[in-house]
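Trainee: The structure that follows is given in the form of structure tokens.
The values are calculated or read from the model by the stated rules, or taken from the named source; none is laboratory data. For clarity, every value in this text was computed on a predicted model and none was experimentally measured. Cβ sites come from the backbone with ideal geometry, for glycine too, and all protein chains shown count toward neighbours. These accessible areas exclude ligands, DNA and RNA; they are computed on the full protein's heavy atoms, side chains included. Shrake-Rupley method; radii C 1.70, N 1.55, O 1.52, S 1.80 Å.
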Amino acid sequence: MQVSVPKSLDAALGLLAEDPQAVLLAGGTDLMVAINFGRTRPEHIVSIARLPELKELATGEQVRCGAGVTYTRLLERVRDRALVDAARTVGSPQIRNAGTLGGNLGTCSPAGDTLPSLAALDATITVASQRSGERRVPFSGWMRGPKKPALEPGELVLRADWEEAGPAQVFLKAGTRNAMVIAVASLAMVVDRARRTVRVALGSVGPTIIRATAAEEMATGLLDEGGWERPLMPTEAAQARFGELVAAAARPIDDQRGTGAYRRHVIAVMARRALQRTGAAP
Amino acid sequence: MRTRGGVGESIPRPDGPDKVSGRFSFGSDLTAPGMLFGKTLRSPHAHALIRSIDVEKAAGMPGVKAVLTAADLPGERLYSLHQPPDQPVLAASGEEVRYAGEPVAIVAAEHPEQARAAVQAIAVDYEVLEPLLDPVEAIRRGSVLRELTIRSGEPDTPADVVVDGYYEVGQQDQAPLGPEAGLAIPTPHGGIDLWVATQALHVDLEQVEACLGMRAGAVRLHLGGVGGAFGAREDLSIQVHACLLALRTGRPVKMWYGREESFTGHVHRHPAWMWYSTGAGRDGRLVFVKATILLDGGAYASSSGAVVANAACFGAGPYRVPNALVWSGAARTNTVPNGAMRGFGAVQSCFAYEGQMDLLAARLGLDPIEIRLKNAIRPGDRLITGQAVTGAAPMAKLIDLCRELPEPPTPAHPLALPGGAGNVASAAEVVRGTGFAVGFKNIAYSEGSDDYATARVRLQRGADGEAFAQVKTAAAEVGQGLVTVCLQVARTELGVEAVEIERADTTVGNAGSSSASRQTWMTGGAVREAARLVAAEVLKRAGPPAQALAAGHVLDEEGAPLAPIALFLDEPIEREFEHHHRPTSGLDPAGQGDAHVSFMFVAHRATVDVDPEAGLARVAQVATAQDVGRAINPLQVHGQIEGGIAQGVGLATMEEIKLKDGLIRNASFTDYIIPTSLDMPEVAAVLVEEPEPDAPYGAKGVGEPPLISSPAAIAAALRAATGRRLNRVPVSPDELAGLTECRPGWLVRPGRSPAEAVQPAPQG
Ligand SMILES: Cc1cc2nc3c(=O)[nH]c(=O)nc-3n(C[C@H](O)[C@H](O)[C@H](O)COP(=O)(O)OP(=O)(O)OC[C@H]3O[C@@H](n4cnc5c(N)ncnc54)[C@H](O)[C@@H]3O)c2cc1C
């Protein structure tokens, strides 16, 4: 096994161009687990853990978050609650100090906690390779399947960017433990009052992150009616309907972490609460 | 004059600083120059016939020094904690593998990766057979490891009210952080030294000698650093395999399991299916308990027999039960063997009998605590086995003290809400529930075993001219703090503060296992007696008016110092003592007999916060009062209580090995989840110190009670919060949210064998 530690982004891209089979190492919190399980035995590892180019984090109206930004830094700087609350649920302090946004995107699991939030923030992922330079991928096109990111050989993730969406956003995650647990179901909801959009994205209830579009439309309708600048106080019936629409979008399965029935149930519970909480937020 | 750091003081552990700073050497840290690495090939099938094993390719691979199969075994081919042994050291060609994970071949190579590659290159031709997985079906077919019935009084006595209940307990893993590990080093004279993380050096030794076909004395065992045990290290794991490879290659061989392999490489807590019927008078006094307690023993006997007996003996609870009929048994199936785990059978039946007490209380309109008080066992009462409780039995006092402990405030921080960091619940969605449970269990070995422990104590003058003592036993420090106990006992008896606890090995007599909450009593007792013999010799040498020893001095009868102890140590003094506890007897065909030496009692009250809609819970507090006899080291007792409660929270709310077709689906700490610090409740504990007449210093064991009734109390609290039945632990989110209920797959008459089980009529 060969381990390369390039000193610059260009050098890293050069190594990847030479050896497109090389496996990237950022915080290693997914990769090392896979190696320890014997699921993968990479011949060549390229460490991008220390590349300064991947650590940029610009906040404000327009957020740019480098692939190498750890959860701990993200928690300190980013203001979008959906992403902050997602980052807060990741692992333990040790994992949050090591794990990166780029690693979550690279692993591309439907249980990746930042992914529903990136979907609900309508983030764009910028990737780069030596051959084709930079390429921008909307989040909706990122997950080609479970563990199948839209990365071409020789490419790595540079950053994610999105527009800050105001305070009406939430992330909820259900699991069988009160911390450090893989999501049994998760939900991110962003009500961007300024831009008059609602986005709801679901994690761990299907092979990829799922956008609950019918539910989004329903919430949009409620806000159109009640006024985007005003608090939304959905009736019980509206909440229930919203929950049903979200649950209908889910495609959960039974596995050792939870049953499909529970996933469908709890995603509806979380949806009702998300509608309430985002509705109450300014 | 007073000796500091003796019995009763909360002195720090001697191995504490090394353990918390990462300097302590655990089993997996063992190393020797020129060592090879051993790996095990295991069956991927729950049940199969081995048609052939071809090791040729593997044996020729780079770095590979040995590939061994059953054909290479020099001694006994079977081993077990049970007699006669039934578990193959390696499954042989032409024979069956009986669980997924059963060892088939072992490899030693220069590098662990080479050993791993060689294991994968061994070609085994299996004929896959139908696995027997349903324990009721197994009993119906006579596939039984042990069954017994306890009958006392007239179980068919009519009662004013009768409640029937069905309960299940999932399969819990001991989840020690240190995986199985050891290092075998051949000696120049054909013998072997084995360093191993174990619970019982001599119990291992006997089995290793037999399987290696070696005479007594050729094998020596040394304790490797143990990273948690909880029962998982009572059965052999790497012991024989590492020795075989070392003997074959003439090189040191290290073996250690990864986390995934560890899940199939040790036994687990028996999952249980229990049918109960409990009768009481209108006043709440128990009239009868009838119970069927079915355990899955897995493929081999291990300690199933003793677990079956414990589940039965304690199966009616620490109550006055005039009439009882209890059937308890373990099925032999094609799953990973089940055996010892902290609580050892008493945990499973406690979950059922305490569920029954709550049902009774509800039916009678009584407070759950009142009904327990009304029935609480008292000194002199007889258990359902006919045995009188002769020692301390402060059950009612424990209940009273536990109920009086202050309850926790409602959660102030969002992380303390059910679901914690997941942000699902807000305070408005949370309801609180409280539950109460009590339990009891035996200390030490039962049913007529000759249970003893040996200690050697040496007192001499050190290079500094001061007296110092050395204590040698073969007892395993497994994290419980036995080294501290031995140190405190030696200080108290010898009046010498400089005491060294030597490393445990088999060059001294048997100490038995660090299990059954027995080592403080057994090895602590042996150290006390050996030290008393040494002290007597010092006093003899000093002559009158010497009366006692303390703070390094010989004292007169007024307690005034006469001379330093070191003055009498021109010759060192060494004494050895073998400490046996009072003999016990077996159980007769009606399950009657004085099978146990002593009992420990405990009460738990759990407070939980639940989000019933989302099916999420957090245990806010577990309050407990525990009968400890005497706390040799109160700080360590509290440590045991907190640790046991953590495992109780795990069993009640999350920990379960999930099997599919006999294969473990969650053999990792990613998917076998154990409580984190955010899941750990506040613990409020009071110790009740009523000295046990037979026990050294009056000290009972303390390790197991924290885990006996804490799961039952937590389940009761979850029921109180949700109004749901929750008759299975770990309670699933589905059950908590009311999506499903646990129903029996078979109908069994409580007290009768599941051999008579019938299938329930289909639903709807
Ligand atoms: C104990 C524990 C708890 C965890 N808890 C959670 C949790 O609660 N929620 C959660 O979502 N995850 C969790 N994880 C998983 C993991 O921490 C996250 O997915 C994390 O974001 C991975 O980041 P990393 O930097 O460590 O990635 P690495 O392990 O270094 O890499 C992961 C994958 O992404 C690829 N990769 C890394 N960087 C890039 C890049 N810039 N471009 C392209 N590909 C890249 C790697 O090649 C690899 O395939 C947990 C892991 C552990 C060990």
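Trainee: Largest first, how would B:187, B:198, A:235 line up by accessible area (1.4 Å probe)?
Mentor: Values: B:187 35, B:198 0, A:235 85 Å².
The ranking, largest first, comes out as A:235, B:187, B:198.
Trainee: Determine the gain in length on full extension of the stretch residue A:75-residue A:17; use 0.36 nm per residue of separation and subtract their C-alpha separation, reporting nm with one decimal. Intermediate values should be presented prior to the final figure.
Mentor: Numbers: separation 58, 0.36 × 58 = 20.88 nm, distance 3.33 nm.
Roughly 17.6 nm would be gained on extension.
Trainee: Starting from the coordinates of the alpha-carbon atoms of chain B, obtain the Kirkwood hydrodynamic radius over all distinct pairs and give the value in Å to one decimal. Before the final figure, lay out the partial values.
Mentor: Values: mean 1/r = 0.0369 Å⁻¹.
27.1 Å is the Kirkwood radius here.
Trainee: Looking at chain B, identify the longest residue range that excludes and avoids all GluC sites (Glu not before Pro) in DSSP loops having at most 11 other Cβ atoms within 10 Å. Provide the component values of the computation, followed by the final result.
Mentor: Working: sites that count: B:557, B:558.
Counting only loop sites that pass the neighbour cut-off, the longest clear stretch is B:1-556.
Trainee: Between the DSSP loop rule and a limit of at most 12 other Cβ atoms within 10 Å, which GluC sites (Glu not before Pro) in the stretch A:1-92 are left? Numbers along the way, then the final one.
Mentor: Values: sites: A:18, A:43, A:53, A:56, A:61, A:76; in loops: A:43, A:56, A:61.
Passing both the DSSP loop test and the Cβ count: A:43, A:61.
Trainee: Taking θ = phi - 60°, what integer Hz values does the Karplus form 6.51 cos²θ - 1.76 cosθ + 1.60 yield along the stretch B:50-56, in sequence order, with x for Gly and Pro?
Mentor: Going residue by residue, I get 7, 7, 6, 10, 10, 9, 4 Hz, with x marking Gly and Pro.
Trainee: Could you let me know the centre-to-centre spacing of the stretch B:625-694 and the stretch B:207-245, using Cα atoms, in angstrom?
Mentor: Here the two parts' Cα centres lie 27 Å apart.
Trainee: Now a separate question. Using a Förster distance of 22 angstrom, determine the FRET efficiency expected from the C-beta separation of residue B:571 and residue B:31, and round it to 0.05. Before the final figure, lay out the partial values.
Mentor: Working: r = 39 Å, r/R0 = 1.76.
Between residue B:571 and residue B:31 the formula returns 0.05.
Trainee: Right, something else. Restricting to chain B, what percent of DSSP beta bridges are antiparallel, rounded to 5? Before the final figure, lay out the partial values.
Mentor: Numbers: 104 of 137 bridges.
Restricted to chain B, the bridges split so that about 75 percent are antiparallel.
Trainee: Same structure, new question: Okay, which of the stretch B:434-464 sit inside 11 Å, backbone N to the point 7 Å along the Cα-Cβ direction of residue B:498?
Mentor: Only B:460-464 pass the distance filter.
Trainee: For a 30 Å ceiling on Cα separation, which of these pairs sit above it: A:148/B:660; B:397/B:472; A:55/B:658; A:147/B:658; A:148/B:65?
Mentor: Values: A:148/B:660 27 Å; B:397/B:472 38 Å; A:55/B:658 41 Å; A:147/B:658 24 Å; A:148/B:65 41 Å.
As for pairs spanning more than 30 Å Cα to Cα, those are B:397/B:472; A:55/B:658; A:148/B:65.
Trainee: Rounded to the nearest 100 Å², what is the sum over both chains of accessible area buried where A meets B, with a probe of 1.4 Å?
Mentor: Details: alone 13290 and 27820 Å², together 38330 Å².
In total, chains A and B hide about 2800 Å² from solvent.
Trainee: Which residues of the stretch A:6-45 show a drop of at least 50 Å² in accessible area when all protein chains are present, compared with their chain alone (probe radius 1.4 Å, heavy atoms only, ligands and nucleic acids excluded)?
Mentor: A:37, A:41
Trainee: Roughly speaking, what is the centre-to-centre gap between the stretch B:84-160 and the stretch B:285-312 when only Cα atoms are used, to the nearest Å?
Mentor: 19
Trainee: Exactly which trypsin sites (Lys or Arg not before Pro) in the stretch B:137-212 are in a DSSP loop and have at most 13 other Cβ atoms within 10 Å?
Mentor: Numbers: sites: B:140, B:141, B:146, B:151; in loops: B:141.
Here the trypsin sites (Lys or Arg not before Pro) that fit, given the DSSP loop and packing criteria, are B:141.
Trainee: Just to be sure I understand the rule: take each whole DSSP H helix in chain A, project its Cα atoms onto its long axis, keep it if the span is 18 Å or more and its mean Kyte-Doolittle hydropathy is at least -0.5. Which ones pass? All intermediate terms of the calculation are to be shown ahead of the outcome.
Mentor: Working: long enough: A:213-226 (20 Å, -0.09); A:236-249 (20 Å, 0.44); A:260-280 (30 Å, -0.21).
Helices meeting the span and hydropathy rule in chain A are A:213-226, A:236-249, A:260-280.
Trainee: Need one value: the accessible area of residue B:580 in square angstrom, 1.4 angstrom probe, rounded to the nearest 10.
Mentor: 80
Trainee: The stretch A:240-263: which residues show an accessible-area loss of 40 Å² or more, assembly versus chain alone, 1.4 Å probe?
Mentor: Those residues are A:256, A:262.
Trainee: Could you work out the mean count of beta carbons from other protein chains within 10 Å of each residue's beta carbon in A:167-177? Don't skip to the end; give the middle numbers.
Mentor: On the way: counts 0, 0, 0, 1, 2, 6, 6, 11, 9, 14, 16.
Average neighbour count from other chains, rounded to a whole number: 6.
Trainee: Averaged across the residues of B:253-261, what count of C-beta atoms belonging to other chains lies within 10 Å of each residue's C-beta? Kindly include the intermediate steps, with their values, before the conclusion.
Mentor: Numbers: counts 0, 0, 0, 0, 0, 3, 2, 3, 0.
For peptide B:253-261, the averaged partner shielding equals 1.
Trainee: At a threshold of 8 angstrom on Cα-Cα distance, excluding pairs fewer than six apart, so keeping six or more, what relative contact order does chain A reach in percent? Walk me through the intermediate numbers first.
Mentor: On the way: 605 pairs, mean separation 45.1, N = 282.
Relative contact order here is 16 percent.
Trainee: For the stretch A:1-88, run through the trypsin sites (Lys or Arg not before Pro) and keep only the ones in DSSP coil with at most 10 other Cβ atoms within 10 Å of their Cβ. Walk me through the numbers before you get to the answer.
Mentor: Working: sites: A:7, A:39, A:50, A:55, A:64, A:73, A:77, A:79, A:81, A:88; in loops: A:7, A:39, A:50, A:79.
Sites meeting the loop and neighbour criteria: A:7, A:39.
Trainee: Here's something else I'd like to know. Leaving out ligands and nucleic acids, and using a 1.4 Å probe, what accessible area per residue does the stretch B:296-405 come to in Å²?
Mentor: 23
Trainee: On the full set of protein chains, 1.4 Å probe, figure out the accessible area of residue B:254 and give it in Å² to the nearest 10.
Mentor: Around 10 Å² of this residue is reachable by solvent.
Trainee: Report the antiparallel proportion of the DSSP beta bridges in the stretch B:615-763 as a percent, rounded to a multiple of 5.
Mentor: Beta bridges within the stretch B:615-763, antiparallel portion: roughly 30 percent.
Trainee: How much area per residue is accessible in the stretch B:528-629 when the probe is 1.4 Å and only protein heavy atoms are counted (Å²)? If you can, show how the numbers build up before the last one.
Mentor: Working: 3810 Å² over 102 residues.
About 37 Å² of surface per residue is accessible.
Trainee: Continuing with the same structure: Provide the per residue accessible area, probe 1.4 Å, for the stretch A:169-280, rounded to a whole number of square angstrom.
Mentor: Values: 4220 Å² over 112 residues.
On a per-residue basis, 38 Å².
Trainee: Express the carbon and sulfur contribution to the solvent-accessible surface of the protein assembly as shown as a percent, rounded to the nearest whole number, probe 1.4 angstrom.
Mentor: Working: 19730 of 38330 Å².
Carbon plus sulfur share of accessible area: 51 percent.
Trainee: Provide the FRET efficiency to the nearest 0.05 for the residue A:61-residue A:135 pair, computing r from the beta carbons and using R0 = 41 Å.
Mentor: Working: r = 24 Å, r/R0 = 0.58.
The computed FRET efficiency comes out at 0.95.
Trainee: What distance in nm separates the two pseudo spin-label positions at residue A:94 and residue B:10, each 7 Å out from Cα along the beta-carbon direction?
Mentor: A separation of 2.7 nm, rounded to one decimal place.
Trainee: Based on the Cα gyration tensor of the protein assembly as shown, what are the three equivalent ellipsoid semi-axes, each the root of five times an eigenvalue, rounded to whole Å and given largest first? Display every interim value, and only then the final one.
Mentor: Working: eigenvalues 501, 279, 183 Å².
Equivalent-ellipsoid dimensions as semi-axes: 50, 37, 30 Å.
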